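*Asks:* Let me begin by handing over the structure; questions about it come next.
The values are calculated or read from the model by the stated rules, or taken from the named source; none is laboratory data. Just so it is clear, the structure is predicted and the values come from calculations on it, not from any experiment. We place every Cβ from the backbone using ideal geometry, glycine too, and count neighbours over all the protein chains shown. Please note that ligands, DNA and RNA were not included when accessible areas were found on the heavy atoms of the full protein model with its side chains. Shrake-Rupley method; radii C 1.70, N 1.55, O 1.52, S 1.80 Å.
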Amino acid sequence: MHLDLRLERALERVELVTGVGTRDAGRMCVMSLVACLAGEEHTDSPACASPLIRAYAIPLNDNMPHAVRQRLKAFAPRILGTQDGHDAIRAELLRRALAEEILPRLGGKQPATPRRFAAPLWRLWSMLGMRRLEREAEWMMDRAVALADGADMARAVAAAGAVGRLLARAAREAPDPREAERLWDLAVGLLDRMCEVGTHRQAPHTAWAARLEQVFEARGLKGASLDAARL
C-alpha cells in the first residue's frame, strides 16, 4: 500500500510502545494504532483486523527494540480490513514459513551470551525456553494445516502467537546484533506477506489521517490549557 503524504506525516508523529499504550498521548501499539485508524475505541483487538495477524504481531511489537518497533507503523493501514475470511490461507503461509525458513534457521543455534549471574542456570533456562517455543509452534502449526474449512480458527490464532513469540525470542537471544537484525527482518517480512493475502487492500482513506490528526490536536489543546492554568 502506498501511503499518501498526509497519512505518512500523521504516522510519523505516533510512537509505538509496548502494551496497548495511551491514544491521547499518541503512544500506541501497532494493533491499537489500527483501531485508531479504523475509528474504533482504544483497544489492541480491533474488529477490523485478522485475529491471526493480531496474535502474530503483538509478540513482535512487545519484544522489538524501540527503534525496530517503529517499522510496524506502516503496517497499521494494511492490517485494516484483514478480518476477511482469509486466515486459513495465512495459517498455511505461517506453517510453510515455520517449516522452511524459521526452524531451519534456528536449528543448532546457541543461546546468547549468558548473564554474569547464575550463568549455567541462565543458559539452561534459555535453551529449554527456546526449545519449548519451537515444539509449541511446530505442534500447533501441524494442526493448523487442517484449516481449509476454517473450522478451528482458534487453534490457528494460537499457532500464530506461538510463531510470533518464537521469532521474538530468537531475535532477543541472538548471539550478535547482525543476527538479531536478520531475524527481525524475517519477522517483519512474514507480517508483510500475511498482509498481502486477500482482497481487502484499499487506497488510503482521508479519514485515517484525520483521526490521527485529531489525537494530536486534542493533545496540543490539552497541553495549552495546562500551560494557561500555570500562569
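*Asks:* Return the residue satisfying two criteria in turn: it lies in region 163-192 and is among the acidic types (Asp, Glu) and assigned to a helix (DSSP H, G or I), and of such residues it is nearest to the chain's Cα centre (by Cα).
*Replies:* In the first step, residues of region 163-192 are kept if they are among the acidic types (Asp, Glu); the result is 173, 176, 179, 181, 185, 192.
Imposing the further condition that a residue be assigned to a helix (DSSP H, G or I) reduces the set to 179, 181, 185, 192.
Numbers: Glu179: 19, Glu181: 16, Asp185: 12, Asp192: 10 Å.
Top of the filtered list is Asp192.
*Asks:* Follow-up question, since we're still on this one. I'm checking my understanding of the structure. Among residues of region 59-95 that are closer than 15 Å to Ala158 by Cα and modelled with pLDDT of 95 or more, which one is surrounded by the fewest Cβ atoms within 10 Å (Cβ to Cβ)?
*Replies:* Pro59
*Asks:* Out of the helices (runs of 4 or more DSSP H) lying entirely within region 27-91, which hold 1 or more residues that are among the acidic types (Asp, Glu) and touching a residue at least 12 places away in the same chain (Cβ under 8 Å)?
*Replies:* 51-63
Quick grid of which residues meet (1) of a type in the set (A, V, I, L, M, F, W, C); (2) closer than 24 Å to Glu136 by Cβ; (3) within 14 Å of the chain's Cα centre (by Cα):
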{"site": "Ser32", "(1), (2), (3)": "no, no, yes"}
{"site": "Asp44", "(1), (2), (3)": "no, yes, yes"}
{"site": "Pro51", "(1), (2), (3)": "no, yes, yes"}
{"site": "Asn63", "(1), (2), (3)": "no, yes, yes"}
{"site": "Phe75", "(1), (2), (3)": "yes, no, yes"}
{"site": "Leu80", "(1), (2), (3)": "yes, no, yes"}
{"site": "Gln83", "(1), (2), (3)": "no, no, no"}
{"site": "Asp87", "(1), (2), (3)": "no, yes, no"}
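*Asks:* For Gly21, state whether it is in contact (Cβ under 8 Å) with a residue 40 or more places away in the chain and at positive phi.
*Replies:* No, not satisfied.
*Asks:* Please determine, by comparing only the residues of region 1-42 that are among the polar types (S, T, N, Q) and open to solvent by 30 Å² or more (accessible area, probe 1.4 Å), which one is farthest from Asp192 (Cα to Cα).
*Replies:* Pass one, region 1-42, residues among the polar types (S, T, N, Q): 18, 22, 32.
Going one step further and asking which of them are open to solvent by 30 Å² or more (accessible area, probe 1.4 Å), we end up with 18, 22.
Values: Thr18: 20, Thr22: 26 Å.
Result: Thr22.
*Asks:* Let me ask something else about it. Give me the residue from region 169-209 that is under 23 Å from Glu41 (Cβ atoms), exposed (fewer than 15 other Cβ atoms within 10 Å of the Cβ) and of a type outside the set (Val, Ile, Thr) and, out of that set, modelled with the highest pLDDT.
*Replies:* It comes out as Ala207.
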